[in-house]
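For reference, the structure discussed in these notes is given below.
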Amino acid sequence: MTEQTTIARAELGKGGPVVGIQGLGCMGMSEFYGDTDEAAARETLEAALAAGVTLFDTADVYGRGANEEFLAPFVAAHRDEITLATKFAIERSDDPAYRGVRNDRAYVRQAVEGSLRRLGVDVIDLYYMHRRDPAVPFAESVGAMAELVQEGKVRHLGLSEVTGPELREAHAVHPIAALQSEWSLFSRDVERSAVGAAAELGVAFVPYSPLGRGFLTGAFADAAAELPAEDFRRSQPRFTGENAKANAALLAPVREIAAAHGVTPAQVALAWVQQRASVHGLTVVPIPGTRKPGRLAENTAATRISLTAAELALLEPLASRVAGARYPDMTFTSDARES
Ligand SMILES: NC(=O)c1ccc[n+]([C@@H]2O[C@H](COP(=O)([O-])OP(=O)(O)OC[C@H]3O[C@@H](n4cnc5c(N)ncnc54)[C@H](OP(=O)(O)O)[C@@H]3O)[C@@H](O)[C@H]2O)c1
């Protein structure tokens, strides 16, 4: 039997594009997780496409535009083979910690022009609202996004970090193809309302940080001590102080299951999110981020791993035991608007 070399495909939301069932998060190629070897990152993009990955994820905010510019040559070389996703709504300033959220119509219209220019395209396949400003009604924000669809600047719409009720409200303004929110063995607040609403509406779920920003790969024994000073994760509660060591200890069952399958903890984490979604009857396309071709191969191979019911039961309590929130300021998440 010949080994299957490309991953399976699925429709990204009712009427949405057909994509490989795992995408590639490109954020770390420009910022947040330490130095990038540009040649290796470009090789990773090509390796992803060769493995059947077609959904490539960026945002205007990553590297303050640099990530979109970094992707432009790859996009130009493969425009018709890929589904290009980017996002708007987060404003930054010279203060590296500052994050503002803008959803107003004027901002949406200005943001899309910047992304189209930096990416070197005349249409974005999937345009997400990265964060919701509850002061701006969906009629205005998603209404402005719908105008972009009508004008041919955007093909499909997505949202990030919205609750189930918010997803329903937005979907009534214009069909939403995908909801991108954090979902992993360590972060399961989306299962409260967003996952159910997405399943019911036929919206695909795109879990971001499915490897817990690298924590679930088992890379850290004491992340607080091991991460370099400039790494963004040093500001994340789960990676800091006593939480770092306590959370590393939680990975024992992940390592055990990985050993039983002859795979890595990262692969178990990715298989988990894929299987957890199928419990909800949901199309799921996780977007693990990597800048290394070897890890890309490892991550895509995880789409073929099947965990047993006993293994899923062993992993079930992990999220409730994690020390520290998933963001230092949880008002930046949908969780804050429903707990
Ligand atoms: N919508 C949102 O608000 C939001 C927020 C965060 C992220 N995102 C998107 O989601 C994507 C993925 O999330 P993420 O990058 O934050 O976290 P992630 O995918 O959970 O983890 C990425 C980290 O894991 C490492 N890694 C990847 N595969 C590995 C493997 N097989 N073995 C060991 N280490 C591995 C990566 O290092 P290397 O790169 O060195 O391999 C990187 O440090 C981002 O790229 C971005 O596009 C969206």
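Each reported figure results from applying straightforward, stated rules to the coordinates on display, with no laboratory input. Here the structure is a predicted model, which is why all the values come from computation and not from measurement. Backbone-built Cβ (ideal geometry, glycine too); neighbour counts: all protein chains shown.
Which lysines does residue 292 reach when only Cα atoms under 30 Å apart count, and residues fewer than 8 places away in its own chain are ignored?
Answer for residue 292, where 30 Å is the Cα cut-off: 87, 245, listed by chain and number.
Distance in nm between label sites at residue 304 and residue 39, each 7 Å beyond Cα in the beta-carbon direction?
Reported label-point gap for residue 304 and residue 39 is 3.0 nm.
Among DSSP beta bridges lying fully in the range 125-193, give the percent that are antiparallel, nearest 5.
Values: 1 of 8 bridges.
So the antiparallel bridges in the range 125-193 amount to around 10 percent.
Select from 76, 268, 137 the residue farthest towards the positive end of the dipole of the chain; place +1 on Cβ of Lys and Arg, -1 on Cβ of Asp and Glu, and compute about the Cα centre.
Among 76, 268, 137, the one farthest towards the positive end of the dipole of the chain is 268.
Need the full-extension length gain, residue 261 to residue 81, defined as separation in residues times 0.36 nm minus the C-alpha distance. One decimal, nm.
Working: separation 180, 0.36 × 180 = 64.80 nm, distance 3.29 nm.
Difference between extended and current length: 61.5 nm.
222 nm [θ] for the chain, helices only, -39500 (n - 2.57) per DSSP H run of 4+, per residue, to 500?
Working: 13 runs with 129 residues, N = 339.
Here the helix-only value at 222 nm equals -11000 deg cm²/dmol.
Compute the length gained on full extension between residue 275 and residue 97: take 0.36 nm times their separation in residues and subtract their Cα-Cα distance, giving the result in nm to one decimal. Please report the intermediate quantities before stating the final value.
Numbers: separation 178, 0.36 × 178 = 64.08 nm, distance 3.52 nm.
Fully extending the segment from residue 275 to residue 97 adds 60.6 nm.
With +1 on each Lys and Arg Cβ and -1 on each Asp and Glu Cβ, how big is the dipole of the range 197-244 about its Cα centre, in debye rounded to the nearest 20? Intermediate values should be presented prior to the final figure.
On the way: 4 positive and 6 negative charges, 15 e Å.
Its charge dipole is roughly 80 debye.
How large is the Kirkwood hydrodynamic radius of the chain, in angstrom, based on all distinct alpha carbon pairs? Write out the running numbers ahead of the final one.
Numbers: mean 1/r = 0.0499 Å⁻¹.
In the chain this quantity evaluates to 20.1 Å.
Is any residue of the range 250-292 close enough, with backbone N under 14 Å, to a label point placed 7 angstrom from the Cα of residue 323 along the Cα-Cβ axis, and if so, which?
250-251
Which loop-located chymotrypsin sites (Phe, Trp or Tyr not before Pro) does the range 81-111 contain, where loop means any DSSP state but H, G, I, E or B and the Cβ has at most 11 other Cβ atoms within 10 Å? Each step should come with its number before you reach the end.
Numbers: sites: 88, 98, 107; in loops: 98.
Within the range 81-111, the qualifying chymotrypsin sites (Phe, Trp or Tyr not before Pro) (loop, at most 11 other Cβ atoms within 10 Å) are 98.
Determine, for each peptide in 116-129, 217-230, the mean count of other beta carbons within 10 angstrom over its residues, then list the peptides with the highest first.
Values: 116-129: 20.4, 217-230: 14.7.
Per-residue Cβ counts within 10 Å, averaged per peptide and sorted highest first, yield 116-129, 217-230.
Any idea how far apart residue 249 and residue 9 come out in nm if each label point goes 7 Å out from Cα toward Cβ?
A separation of 4.8 nm, rounded to one decimal place.
Across the range 135-149, in residue order, what do the Karplus-derived ³J(HN,Hα) couplings come to in whole Hz, using 6.51 cos²θ - 1.76 cosθ + 1.60 with θ = phi - 60° and x for Gly and Pro?
Once rounded to whole Hz, the list reads 6, 9, x, 4, 4, 7, 6, 6, x, 5, 5, 4, 4, 5, 5.
Over the chain, what relative contact order in percent results from Cα pairs under 8 Å that are six or more residues apart?
20
Once label points are set 7 Å from the Cα along Cα→Cβ at both residue 169 and residue 50, what is their separation, rounded to one decimal in nm?
Computed distance between label sites residue 169 and residue 50 equals 4.7 nm.
Which percent, nearest 5, of DSSP beta bridges in the chain are antiparallel?
Details: 6 of 30 bridges.
Looking only at bridges with both residues in the chain, the antiparallel portion is about 20 percent.
Output the Kirkwood hydrodynamic radius of the range 132-235, Cα pairs only, in Å rounded to one decimal. All intermediate terms of the calculation are to be shown ahead of the outcome.
Values: mean 1/r = 0.0645 Å⁻¹.
Taking the inverse mean of 1/r over all distinct Cα pairs, the range 132-235 comes out at 15.5 Å.
Sorting 233, 168 on the 10 Å Cβ count, fewest up front, what's the list? Can you show the working numbers first?
Details: 233 21, 168 18.
Ascending Cβ contact count within 10 Å gives the list 168, 233.
Stokes-Einstein at 37 °C, 0.692 mPa s, Kirkwood radius from Cα pairs: D for the range 173-319 in µm² s⁻¹?
Values: Rh = 15.9 Å.
Rounded to a whole number, D works out at 206 µm²/s.
Share of antiparallel DSSP beta bridges in the range 43-138, in percent to the nearest 5? Could you put the intermediate results ahead of the total?
Numbers: 2 of 9 bridges.
Taking every DSSP beta bridge with both residues in the range 43-138, the antiparallel ones total about 20 percent.
In percent, what relative contact order does the range 1-150 have, based on Cα pairs under 8 Å that are 6 or more apart in sequence? Let's see the in-between values first.
On the way: 212 pairs, mean separation 29.0, N = 150.
About 19 percent, as a whole number.
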